[in-house]
Each structure stands twice: as structure tokens, then as C-alpha cells.
Amino acid sequence: MHITDEQIHELTEWFDSYTSDILEAQHGDEHILLKIEHTKRVCDEIEMLGRSIDLDQDALRLAYIIALFHDIGRFDQFATYKTFVDRDSVDHAQHGVGLLTGLSLFDSFSDTVTSTILTAIEHHNKSYLPDLPEEILLYAKLIRDADKLDIYKVVTDYYQRTEPEENRVIQLGLPDTDGVSPAVAGDLLEHRIVLSEHLQNLNDFKLLQAAWIFDCNFPATYKEINKRDYLEILKNQLPETEQITTLFQDLHSYLTGKC
């Protein structure tokens, strides 16, 4: 596998042109802009993670391409459906793979490299990774961790700069009721990711985000989550109850162990 600087430049130019056209067509809609900015940061995150495990230059470039295109389906999704909620529109990962498959962007790459790119993108948003070939699994894990790191940034920044009522905009329309659903508490205590079907209120949704630490793959990911205080920020958005305190003590213990 050899990926040149020129190939990276051409793919980045294509992404910039494609997203600029959609941004213009959507009259500069901030939702499109946010996804462009998210993509750029995920590219930085995946490079940081790749360097942390000593990937060589070609492997880092492959990881960059996956990050660059991981959310490519988001732009047409929003332009068509005016939502980023997959269950109300399309699975954005599969939609992106379909879009990319219909183009000639990766024609200069081997079938193996193209398959790695498309498979990693297809599975970046799934609850669990299926059994994948080892050479693809590495990149699937990298994009999932890089994506989570930036989504943590997005949601925690949002919580800290807006009022609680405004926070509901990004929280799936769930009610702001008391307590935590037993299924969600059980998932956390068993160190499992929280399934969306278990969500009953806003507290559950914030705990779902905290539970992303159970689906991270690299020491550097855990170290960054810890360094950036993402769990503490989420905790501060929840009621000060004995149950929440206990859950977050366990979450912090898990995170510290992984660091």
C-alpha cells in the first residue's frame, strides 16, 4: 500500500468542493458547517491516535482518508431530510458508502485499500463491530475512537455554553424527567454501551454518552477523555443524586484503569 501526498490533496480538494457546494445550496446552514468542522477535527484526532500506535506514513494517510469521508453521507442526509437523526431519515454511514461507491474517487487504489475505506466508514456508527479482517478492524476501531473524541467535544461544549432547556435541541426530543431508567443503569454497571431503545429521558441520554468509554479501543483515546474531563462535564449536567454519584465513581474507575 502506498498513498501519495498528491492523492491526499486531490481527495481533500474533492471533499472541500463537495461540501462547499452543499453549504451554498443550503444557504450557509450552520448544521452543514458544523459537520464540515467536525470532519476536520476527526481527521486530526485519527492522526493523533495513529501516531500513538506508531502507524507508518501510508497507514496514517489511509486513516486520514477514512476520517475525511466517514460522515460524507451526513451532508446529503441533511440537505434531503433536514435532520441528522438516522432513524428519521437514512443510515448516514451506509448512505455515505453508497455515494462513494458510485464515484471514481478511489479508482487509483487497490481493491484492498478501497474495501478498507468503505468497510470502516460503513461500521463507524454501529453499536458493535462485526467480525472483520484484522487489517480492516484496526481502521474501523481508529475511526470509531476518533469520532467519539470529537463528539464528546461537541456535546460537552454545547452543554457548557447553553441553558438546560436549549440543550434539549440535541437530545432527541426526550423528556426532562427525574431518575435513570433501570436498563440504562444496568448497562453502565455491566460496562456495556447503552442502547438507544433503553432511553427514557434526558438523564439516560447523557449516561449513554458517558458509556461510550466502554467502546473505545486505544490507550490514547482514554487518556484524552480523561485529560479533557469529558466525564466530569457530563456528570455536572446530571442531578446530584446518590445513584449518579455511584455510577460516575464506577465510570471514573474504569477510565483510570484504561489509562
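The values are calculated or read from the model by the stated rules, or taken from the named source; none is laboratory data. Not measured: the values here are computed from a predicted model. Glycine gets a Cβ as well: all are built from the backbone with ideal geometry, and neighbour counts include every protein chain shown.
Descriptive notes on the structure:
- Condition check for ARG74: part of a helix (DSSP H, G or I), modelled with pLDDT of 95 or more and among the basic types (Lys, Arg): yes
- Any hit, segment 120-139, residues being under 25 Å from GLN26 (Cα atoms) and of a type in the set (Asp, Glu): no
- Across segment 51-71, the qualifying residues are those that are part of a helix (DSSP H, G or I) and touching an Asp or Glu at 6+ places or on another chain (Cβ under 9 Å), and the one among them that is surrounded by the fewest Cβ atoms within 10 Å (Cβ to Cβ) is LEU60.
- LEU188 vs. criteria assigned by TED's automatic domain parsing to the domain that holds GLU232, closer than 23 Å to ALA211 by Cβ and at pLDDT 95 or above: yes
- Close Cβ contacts (under 6 Å, 6 or more residues apart or on different chains) running from residues in segment 43-61 that are hydrophobic (A, V, I, L, M, F, W, C) to residues that are in a loop (DSSP other than H, G, I, E, B) comprise LEU49/PHE218.
- Verdict on VAL154 being part of a helix (DSSP H, G or I) and modelled with pLDDT under 95: yes
- Test for LEU149: is it over 10 Å from the mean Cα position of the chain (by Cα) and modelled with pLDDT of 90 or more: no
- Those helices (runs of 4 or more DSSP H) of segment 181-250 in which 1 or more residues are closer than 16 Å to THR156 by Cβ and aliphatic (A, V, I, L, M) occupy 202-210, 219-227, 230-235.
- Considering the conditions (1) surrounded by fewer than 13 Cβ atoms within 10 Å (Cβ to Cβ); (2) within 21 Å of THR246 (Cβ to Cβ); (3) modelled with pLDDT of 95 or more, LYS227 is excluded by exactly one of them, (2).
- Test: residue in segment 80-101 that is more than 20 Å from the chain's Cα centre (by Cα) and either assigned to a loop (DSSP other than H, G, I, E, B) or crowded, with 16+ Cβ neighbours inside 10 Å (or both): no
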